[in-house]
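Here the structure comes first, spelled out in structure tokens, and everything after it is commentary.
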Amino acid sequence: MEGSPRLGSKGLIRKHEFVRIIIQCLLSIGYEKSASCLELESGISCKSDDFQTLESQISSGNWDGCVDTLNTISDLTDDTRAAALFLVFKQCLLESLKCGDDKLALAILQKEVSTLHVDRGKVHNLARSILSSKEMEQSKIDDIAVCELRKKLLQELEKLLPPPITLPENRLEHLVETAVLSQIDSCMYHNLSDAVSLYADHFCGRDQIPTETVQILTEHKNEVWFVQFSNNGEYLASSSSDCAAIIWKVLEDSRVTLHHTLRSHQEPVSFLAWSPDDSKLLTCGNVEVVKLWDVETGTCKHTFGDLGFIVSSCAWFPDSKRLVCGSSEPEKGIYMWDCDGNELKAWRGMRMPKILDLAVTPDGENLISIFSDKEIRILNVGTNAERVVSEDNSITSLSISGDSKFFIVNLNSQEIHMWDVAGEWEKPLKFTGHKQSKYVIRSCFGGLNSTFIASGSENSQVYIWNRRNSKPIEVLRGHSMTVKCVSWNHKRPQMLASASDDHTIRIWGSSRPNKIQPQELS
């Protein structure tokens, strides 16, 4: 095989292997005639000589020959050889039972199978098939069933035996897909789930992510502190120091229109949280109460008043029936309530410092909280296992990826750090370039598979990073004051919202030529 002609500009591909894989691919997608023609013209078979021999021996029931073939193949490890022989002996044993030759079946079990280095549980199960009369009745099968069992044996051997004896399943598709994924991984702007063309090397332009202002929302009368798209991407919620929160409706053309204005807070509204089913919205007043709103009607369903502490942030559990709130006062801790305000659980006490921010992973397994300015606590809700991650600088906010695997924290040292929830990383990934030193700035994951990170900044700009690069790939200009919060639409990967102290919310979209012209909505 070493003398086989080579293909490709680098001479790295053996022609014989390449043709075998093409024939396998043609067979797998149903082009059997084309596969046969290629085998005939090239003189190369999809199946190796050893496997063709095994195929002939198994089809004819030549078990001794089959065992000899497996024992003479030099490329097999001891474990693989033992596993393959076990499958062959098992088939031979079952066919002996079918013929009523129990003695032969027992001999195979005692002399052949028992000497193999395989899982003892498999051997015991096979022994029970001889001893159990029920199993013996089932084993008395007709010739058609025997043929099917032999075909199944060949399929199992084909998956078990290594190359070049057999080819891994769908080998050509795997090679092409690996090449495509490699190109996607090196593409800083990839943001579409569509199939990728094979006709050219993959490359995305900056029009795949939101970089242009397509709408400016001016309904708020003061600084806008928080903005967040609903989980289904159909709504946007915003809150402001004007003591109001607004629910916006996202239309089919990605324009945003006012849906409800929520006005019953007496203090600035500092925080929002959508229920996972998007039917409810929590609003958190600054040094004030927490309110629960019905999204469809815009009515306040419950006010969590007289709490005895100042709420810093809120989060929902996946069932949309339980929520948690953290206190910015030491010892008050974290409380879990139902939607009627009934306390379900609490984490409080002398060891509980003030909570700056908290979030629940979308899978509901972990409660992540920021406390004592520089510490992150990851609490497994089911097991109560706890892990603490310490930062060197003060943390201002927290955000979790949609797959529950990662979270990011904004630091007043002008860095964003990304950690893994499982705790396997010793150090975080770091993202720099934005400005943050005195205000609470909130970042978010976004785009396809949470590939991107976006953040506000004290220099009035919005920054976007690809998670594989510590430097921003885009800086969006348009706001005139600090950008406090950003939110990426979960269902529309080319839609981003930013909230600013300049009293506006900007909706960002694609930079394609047919983009919508910027408009104000007031």
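What translational diffusion coefficient, to the nearest whole µm²/s, does region 206-509 have by Stokes-Einstein, given a Kirkwood radius computed over alpha-carbon pairs, a temperature of 37 °C and 0.692 mPa s viscosity? Let's see the in-between values first.
Working: Rh = 19.0 Å.
D = 173 µm²/s.
Which order do 189, 439 take by accessible area at a 1.4 Å probe, largest first?
Values: 189 45, 439 85 Å².
Solvent-accessible surface, decreasing: 439, 189.
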(message) Straight-line reach from residue 98: which lysines fall under 24 Å, measuring Cα to Cα and dropping same-chain residues less than 8 apart?
(response) 90, 111, 122, 134, 140, 151, 152
(message) At R0 = 22 Å, how high is the FRET efficiency between residue 475 and residue 180 if r is their beta carbon distance? Nearest 0.05 is fine.
(response) 0.15
(message) If you average the alpha carbon positions of region 292-346 and of region 431-505, how far apart do those two centres end up, in angstrom?
(response) 27
(message) Can you compute the modelled spin-label distance between residue 82 and residue 27, with each label point 7 Å from Cα toward Cβ, in nm?
(response) 3.0
(message) I need the Debye-formula profile for region 355-459: one equal scatterer per C-alpha, no solvent, reported as log10 I(q)/I(0) at q = 0.12, 0.15, 0.17 1/Å, two decimals.
(response) -0.36, -0.57, -0.73
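Which of the GluC sites (Glu not before Pro) across region 411-491 are loop residues per DSSP, with 11 or fewer other Cβ within 10 Å? Before the final figure, lay out the partial values.
Values: sites: 415, 424, 426, 458, 474; in loops: 424, 426, 458.
Here the sparse-neighbourhood loop sites are 424, 426.
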(request) Give the distance, in whole Å, between the Cα centre of region 162-221 and the Cα centre of region 60-106. (result) 46
(request) Tell me which label goes with the value of Cα Rg over 2.2 N^0.38 Å computed from the coordinates here: (i) 1.01; (ii) 1.25; (iii) 1.34. (result) (iii)
(message) Could you check the spin-label model distance between residue 329 and residue 193? Points 7 Å from the Cα along Cα→Cβ, value in nm.
(response) 4.5
(message) Taking the Cα of residue 99, stepping 7 Å toward and past its beta carbon, and measuring to each backbone N in region 55-80: which are under 15 Å?
(response) 58-66
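Using a Förster distance of 60 Å, how high is the FRET efficiency between residue 427 and residue 147, based on the Cβ-Cβ distance and rounded to 0.05? Display every interim value, and only then the final one.
Values: r = 59 Å, r/R0 = 0.98.
After rounding to 0.05, the efficiency reads 0.50.
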(request) Check the straight Cα-Cα distances from residue 427 and name the lysines below 17 Å, setting aside those fewer than 8 residues away within the same chain. (result) 374, 405
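Suppose a student asked you for the relative contact order of the chain, using Cα pairs under 8 Å spaced at least 6 residues apart; what percent would you report? Could you put the intermediate results ahead of the total?
Working: 1115 pairs, mean separation 57.2, N = 522.
Once normalised by length, the contact order is 11 percent.
Run the numbers for residue 173 and residue 393: contour at 0.36 nm per residue of separation, minus the present Cα-Cα distance, in nm. Walk me through the numbers on the way to the answer.
Numbers: separation 220, 0.36 × 220 = 79.20 nm, distance 4.75 nm.
Answer, rounded to one decimal: 74.4 nm.
When Rg is the radius of gyration of the Cα atoms in region 80-235 and Rh is its Kirkwood radius, what does Rg/Rh come to? If you can, show how the numbers build up before the last one.
Details: Rg = 29.7 Å, Rh = 21.9 Å.
Rg divided by Rh gives 1.36.
For residue 251, what charge total do you get from the other residues with a beta carbon under 12 Å from its beta carbon, if Lys and Arg give +1 and Asp and Glu give -1? Please list the in-between numbers first.
On the way: positive: 249, 255, 492; negative: 234, 252, 253.
Value of the local net charge: 0.
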(request) Using a 10 Å cut-off on Cβ atoms, rank the peptides 373-379, 462-468 from the highest mean neighbour count down. (result) 462-468, 373-379
(message) Tell me the net charge near residue 295. Cut-off is 9 Å between Cβ atoms, residue 295 excluded, with +1 for each Lys or Arg and -1 for each Asp or Glu.
(response) -2
(message) Calculate log10 I(q)/I(0) of region 160-282 for q = 0.14, 0.16, 0.17, 0.19 Å⁻¹, where I(q) comes from the Debye formula with a single equal point scatterer on each Cα and nothing for solvent.
(response) -0.77, -0.87, -0.93, -1.03
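Tally Lys and Arg at +1 and Asp and Glu at -1 over the other residues with C-beta under 12 Å from the C-beta of residue 326: what net charge comes out? Spell out each step's value before the answer.
Numbers: positive: 332, 348, 354, 377; negative: 329, 357.
Surrounding charge for residue 326 is +2.
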(request) Could you tell me which of the pairs 430/484; 249/430; 10/33 are separated by over 25 angstrom between their Cα atoms in the structure shown? (result) 249/430; 10/33
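If I take R0 = 22 Å and measure r between the Cβ atoms of residue 420 and residue 449 in this structure, what FRET efficiency does the formula 1/(1 + (r/R0)^6) give, to the nearest 0.05? The partial results should precede the final answer.
On the way: r = 15 Å, r/R0 = 0.69.
About 0.90, to the nearest 0.05.
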(request) Identify all lysines with a Cα-Cα distance to residue 345 below 20 Å; exclude those on the same chain that are fewer than 8 residues away in sequence. (result) 291, 321, 332, 354
(message) Using only the alpha-carbon atoms, how far is helix 143-160 inclined from the longest principal axis of the chain? Give it as 0 to 90 degrees, nearest 10.
(response) 60
(message) Under a crude label model (7 Å from the Cα following the beta-carbon direction), how far is residue 128 from residue 200 in nanometres?
(response) 6.1
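The values are calculated or read from the model by the stated rules, or taken from the named source; none is laboratory data. Since we're looking at a predicted model, the values are computed, not measured. Cβ: placed from backbone, ideal geometry, glycine included. Neighbour counts: every protein chain shown. Side chains included, ligands, DNA and RNA excluded: accessible areas come from the protein's heavy atoms. Shrake-Rupley method; radii C 1.70, N 1.55, O 1.52, S 1.80 Å.
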